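> Before I ask anything, let me first share the structure, which is written out below as structure tokens.
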Amino acid sequence: MPGEQPRIAGLIKLNTNENPYPPAPGVLKAVREAVDSRLRLYPNPTAQALRERLARLHRCSAENVIIGNGSDELLAMAVRTFAEPATGSKGASRHRVQYFHPSYSLYPVLAEAHGAVPHPVPLGKGFSIPTPTSLRRGGMWDFRAAVTFVTTPNAPSGRGFTTRELNALCKAHRGLLILDEAYVDFARENAAALALRHPHVMVARTFSKAYSLCFQRVGYLMGHPELIDALHRTRDSYNVNGLGQAAALATLDHLPYYRKNFRRICATRDRLTLALGRLGFKVLPSQANFLLAEPPGFEAEIWLERLRARKILVRWFRYPEVRQYLRITIGTEGEATALLKAVRAILAEG
Ligand SMILES: *Cc1c(COP(=O)(O)O)cnc(C)c1O
């Protein structure tokens, strides 16, 4: 279930990892200018101009890129294209959609919707990525699973993985591996090069979180042209709407604006990590635009309610690996200050 989107006046919304800063003024202008009589026309079916721009940005070719109606659509397409629904033998690799647990909650949903078999494998201590040797020793990892998703940086822990660790996994792995880099702009490293180096590896990116564009639904996958080709064959003809294409293209014209926002969000994140730590929270080091933090005093679920009563919405997941934590999206500096004030007040009330 996605995080809620309630309409409450004055609510500070730190529950769905949206960017607190608006799109660049030039992006809003480009979208507005695209709202004219061309709304009656179909958009470019493959978002060709956007693919070419992304290819230039990532120093690859447009054949290495496919655009989706949000990266969620592409993850769903990958499951439908590469995993076979299971009827009898549920243990076979060709039916398996594999992912580390905990990670993005959508993966098992996509597997089940397609009739494939969700195959979660626990992350290591402190939400670390196990080495290929320990995966082999553990015996649970399926090196030939039809589709494997790795959220990097991890959600909901915020833990970043190094390109070195990911490359080691890519080298040992045999099935299709999709590195889901939804939060990578807030991280120290990215693994885009691995998708262009290994023919069985793809990288998923989105304009939603880092580029303040959730509303428009634009994401992309990069990888070997044969994989991209297979996905094009299962793609809806006009999967990415015209305004989304225009907004994403304009976004790429304003990257310095967004990079400034990444730095602001990372600075707020680091300040909040320290300040919450001083108030008794155990905060995991994050390389994303959210924190996973274990609150002091009473249970995380109670904190969720107490913060909500003060019009601050954060996220709490019920499952055992993270139920003692709150996941807190990094908002503006002002929102961080308001959060800290609310936390102090709750602690004072006891
Ligand atoms: C938000 C998110 C996505 C999906 O992003 P959209 O492009 O908005 O569909 C994919 N993966 C992870 C891990 C996310 O957190």
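> Of the numbered conditions (1) closer than 18 Å to A336 by Cβ; (2) surrounded by fewer than 19 Cβ atoms within 10 Å (Cβ to Cβ), T234 satisfies every one except a single condition; which is it?
In the conditions (1) closer than 18 Å to A336 by Cβ; (2) surrounded by fewer than 19 Cβ atoms within 10 Å (Cβ to Cβ), T234 misses (1) alone.
> Which of the residues that make up region 131-153 are open to solvent by less than 10 Å² (accessible area, probe 1.4 Å) and more than 23 Å from A83 (Cα to Cα)?
Within region 131-153, P153 is the sole residue that qualifies.
> As an exercise: evaluate L177 against (1) more than 15 Å from the chain's Cα centre (by Cα); (2) open to solvent by 20 Å² or more (accessible area, probe 1.4 Å); (3) within 16 Å of the ligand (Cβ to nearest atom) and give the number of the one condition it does not meet.
Status for L177: all satisfied but (2).
> Still on this structure: Which of the residues that make up region 85-118 are hydrophobic (A, V, I, L, M, F, W, C) and open to solvent by 50 Å² or more (accessible area, probe 1.4 Å)?
Restricting attention to region 85-118, the residues satisfying the condition of being hydrophobic (A, V, I, L, M, F, W, C) are 86, 92, 97, 100, 106, 109-111, 113, 116-117.
Residues satisfying the conditions are V109, A113.
> Say we look at region 192-202 and pick out the residues that are without any contact (Cβ under 8 Å) to a residue 60 or more places away in the chain and surrounded by fewer than 24 Cβ atoms within 10 Å (Cβ to Cβ); which of these is nearest to the ligand (Cβ to nearest atom)? Explain how you work it out, then say what you get.
Just the residues of region 192-202 that are without any contact (Cβ under 8 Å) to a residue 60 or more places away in the chain, to begin with: 193-194, 197-201.
Narrowing the set further to residues that are surrounded by fewer than 24 Cβ atoms within 10 Å (Cβ to Cβ) leaves 193-194, 197-200.
Working: A193: 20, L194: 17, R197: 22, H198: 20, P199: 23, H200: 20 Å.
Applying the filter and picking the extreme gives L194.
> For the structure I just gave you, tell me whether F161 is aromatic (F, W, Y) and not in a loop (DSSP other than H, G, I, E, B).
Details: aromatic (F, W, Y): yes; not in a loop (DSSP other than H, G, I, E, B): no.
Taking the combined requirement at face value, the residue does not satisfy it.
> Further question on the same structure: Considering only region 203-241, state which residues are more than 8 Å from the ligand (Cβ to nearest atom), aliphatic (A, V, I, L, M) and assigned to a loop (DSSP other than H, G, I, E, B).
Correct list: A210, L213, V240.
> Tell me, which residue of region 119-130 that is away from the ligand (no atom under 16 Å from the Cβ) and in a helix (DSSP H, G or I) is least open to solvent (accessible area, probe 1.4 Å)?
Quick first cut of region 119-130, residues away from the ligand (no atom under 16 Å from the Cβ) only: 119, 121-122, 124-126, 128, 130.
Cutting the leftovers down to in a helix (DSSP H, G or I) gives us 125-126.
Values: K125: 189, G126: 49 Å².
Applying the filter and picking the extreme gives G126.
> In addition: How many residues does region 28-75 contain that are more than 16 Å from the ligand (Cβ to nearest atom) and on the phi > 0 side of the Ramachandran plot?
The number of residues fulfilling the criteria is 1.
> Within region 76-99, does at least one residue satisfy the condition of being within 14 Å of the ligand (Cβ to nearest atom), within 25 Å of K282 (Cβ to Cβ) and in a strand (DSSP E or B)?
no
> Restricting the first residue to region 69-81 and requiring it to be of a type in the set (V, I, T), which pairs with a second residue that is within 12 Å of the ligand (Cβ to nearest atom) meet a Cβ separation below 8 Å and a spacing of at least six or different chains?
Every condition considered, the pairs that remain are V79/L110.
> So E165 fits all but one of (1) free of Cβ contacts under 8 Å to residues at least 40 places away in the same chain; (2) under 30 Å from R235 (Cα atoms); (3) away from the ligand (no atom under 15 Å from the Cβ); (4) among the acidic types (D, E); what number is the exception?
(2)
> So which residues in region 180-191 are open to solvent by 20 Å² or more (accessible area, probe 1.4 Å), within 16 Å of the ligand (Cβ to nearest atom) and more than 27 Å from R96 (Cβ to Cβ)?
The answer is D185, A187.
The values are calculated or read from the model by the stated rules, or taken from the named source; none is laboratory data. The structure displayed is predicted, hence computed values, not measured ones. Here the Cβ is made from the backbone with ideal geometry for all residues, glycine too, and neighbour counts use every protein chain on show. Ligands, DNA and RNA are excluded from the accessible area calculation, which covers all protein heavy atoms including side chains. Shrake-Rupley method; radii C 1.70, N 1.55, O 1.52, S 1.80 Å.
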